[in-house]
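Here's the structure we're looking at; comments come further down.
The values are calculated or read from the model by the stated rules, or taken from the named source; none is laboratory data. Since we're looking at a predicted model, the values are computed, not measured. Here the Cβ positions follow ideal geometry from the backbone for every residue, glycine too, while neighbour counts run over all protein chains shown. These accessible areas exclude ligands, DNA and RNA; they are computed on the full protein's heavy atoms, side chains included. Shrake-Rupley method; radii C 1.70, N 1.55, O 1.52, S 1.80 Å.
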Amino acid sequence: MVSLKPERLKRYKDVAMLLVKYGRSDLVKQAGLEDSIELDETDLAETAPEAKELAADLERLGPTFIKLGQLLSTRADLLPAPYLEALSRLQDQIEPFPYEEVDQIVSGELGVRVSKAFADFDPAPLAAASLAQVHLAHMRDGRAVVVKVQRPNIREQIVADLESLEEIAHFLDSHTELGRRYEFGNMLDGLRRSLLRELDFKLEANNLVTFAENLREFDRIVIPEPVDDFCTSRVLTMEYIHGKKITELSPLRLMEIDGTGLARELFRAYLKQILLDGFLHADPHPGNVFLTDDDEIALLDLGMVARLLPGFRDNVLRLLLAIAEGRGEEAAEVTIRMGEPKTGFDKPEFTKRIAELVAENADANLSRLNSGKVALEITKISADCWFRLPSEFTMVAKALLNLDRSVFTLDPNFEPTTIIRQRAMEILQRNLVKSLSPINLIGEVVELKEFVEKLPGRVNKILDTIGNNKLKLDVDAIDEKAIVEGFQKVANRISLGLVLAALIVGAAMLMRVETSFRILGYPGFPMIFFLLAAIAGLGLVVSIVMTDVKARKKK
């Protein structure tokens, strides 16, 4: 059982009750939690609550569990579709904390009173989420800004909650097949890294600058600009962009805008992030995508990001193309290159299921490709077949899933496969140009310079070795001598067999020749030939058997 620390007993019980309510009391018992936290038999009774109740239960448990629910909404390998749908709509909004604490935090972080730093500061928050709440304010120069203020003591609360969850997760990984298959510890490690980065608002301010630079070619995509002097690890001040969540737009408003163009622009921007920049906004759910008053798309809440290495990006491009073109086996092979097999990996079953999944989504004329759902289904197949995908894959899958919801809200008839095909060649060309950038060329020149500088010494060393007759070449080739000896043995056996056959045939023919020399009443010379053939044949059989026995022992 897990080592129960008194200060974590409440969280242990919260987790245990959650597992029991949703039919996993077996995990509670395997972890040894039912006695330690004194669950009674009525608590352990399995029930069948509705999927939407899980989202509500996680909201009641606080910020860490809300973030956990958002992570679980992308784990098609862990939860059935109704729960994924319910968790995808999990609202990251809770009761705001008092303005007095806002004033204290902002003043302490900026080193100046709120009334001195801003021309005005609205005490009522625009929105209150699990990690922070935002307030509308105006700078002294008249600029409208929003100030994102971190909740008091939230960092300590999240760290404590994660430690409790990770202790249970690592225990399940070590003692249950379910844990070994799904690796809850790795999942919680990823959540920890993501949450701690989100809690550093200086990182988010840097993300705003980076995304604005990376997406500057997209005229209809807007990123709020941070106010650097008013940003700290707990306070983020940025440009106020007036708009409305695309999920809250009325049908009439959607008809007034260029939904098709905006959807294409948004999808192209995220393909660039994933496949070219390697710096991805990992949480583009519709609540973070606004339509501005100028009919542009504003991306908000850029704290959750993923960094993708070049090799991984190339494989994602290959995978998306394979899915779009209906090449199932190729999609399976690309997926295998992205991860690593675990003990018990069933490659034939994995390839078959991936191929079937791609085939179901191959015909763009019959049904639109939901790239996010396909990517999440791949994670489920991987878990079922004991295959480990990198955490970056789940982040990309989550981004694509949320992106699908946003683009389909703007344009219900949007077809991602068309954009993927169109962008593939452009992205490949950009990658080639990027590889020929001055910085990369300088690196190649430096390597060439090092090679040229060391070449004379290496050549002299090789020539000295040759001159001293000390050059040795190790060649891993076929052993010709062993092969020739083998052929000789075969030829000798065949020759001996032919001689024996000739003796037998000759003896049979001599049987009809009458002679006074007889053995056992038969002509003598044929009998001698028969005996010689029998003895030689017996010797050949013994030789063959002994040779085969020695060969098996050597193996």
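Rounded to 0.05, the FRET efficiency of the residue 60 and residue 159 pair, given R0 = 25 Å and the Cβ-Cβ distance, is 0.80. Legend: calculated FRET efficiency, residue 126 to residue 217, from the Cβ-Cβ distance at R0 = 30 Å, rounded to 0.05, equals 0.50. Quick one: grab the alpha carbon gyration tensor of region 190-332, order the square roots of its eigenvalues as a ≥ b ≥ c, and give me rounded if a/c is under 1.5, else prolate or oblate depending on whether a/b is larger than b/c. The shape class here is oblate. Model label points for residue 233 and residue 532, set 7 angstrom from Cα along the Cα-to-Cβ axis, are 10.1 nm apart.
For 461, 472, 148, 352, the ranking by accessible surface with the largest value first comes to 472, 461, 352, 148, using a 1.4 Å probe.
Cα-based count: Lys pairs in region 336-428 below 20 Å, eight or more positions apart or different chains?
Values: 342/352; 342/380; 347/380; 352/373; 352/380; 373/398; 380/398.
Lysine pairs meeting the criterion: 7.
Once the chain from residue 174 to residue 340 is taken as fully extended at 0.36 nm per residue, the excess over their C-alpha distance is 57.8 nm. The label-point distance for residue 10 and residue 292, in a model that sets each label 7 Å from Cα toward Cβ, rounds to 4.4 nm.
Quote the FRET efficiency, to the nearest 0.05, computed for residue 18 versus residue 501 with a Förster distance R0 of 60 Å and r equal to the Cβ-Cβ distance.
On the way: r = 84 Å, r/R0 = 1.40.
FRET efficiency, residue 18 to residue 501: 0.10.
Work through the residues other than residue 240 whose Cβ is under 13 Å from its Cβ and net out their charges, Lys, Arg +1 and Asp, Glu -1. Walk me through the intermediate numbers first.
On the way: positive: 143, 148; negative: 120, 122, 225, 239, 293.
Result for the neighbourhood of residue 240: -3.
Seen from residue 338, the other residues with C-beta closer than 12 Å to its C-beta sum to a net charge of 0, counting Lys and Arg as +1 and Asp and Glu as -1. With contacts taken as Cα pairs under 8 Å at a separation of at least 6 residues, region 268-355 carries a relative contact order of 23 percent. Modelled label positions at residue 255 and residue 359, each set 7 Å beyond Cα in the direction of Cβ, lie 4.3 nm from each other.
Globularity index of region 321-429 is 1.08 (Cα radius of gyration / 2.2 N^0.38 Å, N = number of residues).
Report the local net charge at residue 284: Lys and Arg +1, Asp and Glu -1, summed over other residues whose C-beta lies under 11 Å from its C-beta.
Values: positive: 398, 405; negative: 283, 301, 404.
Local net charge: -1.
Stretched out straight at 0.36 nm per residue, the stretch from residue 209 to residue 540 would grow longer than its current Cα-Cα span by 110.6 nm.
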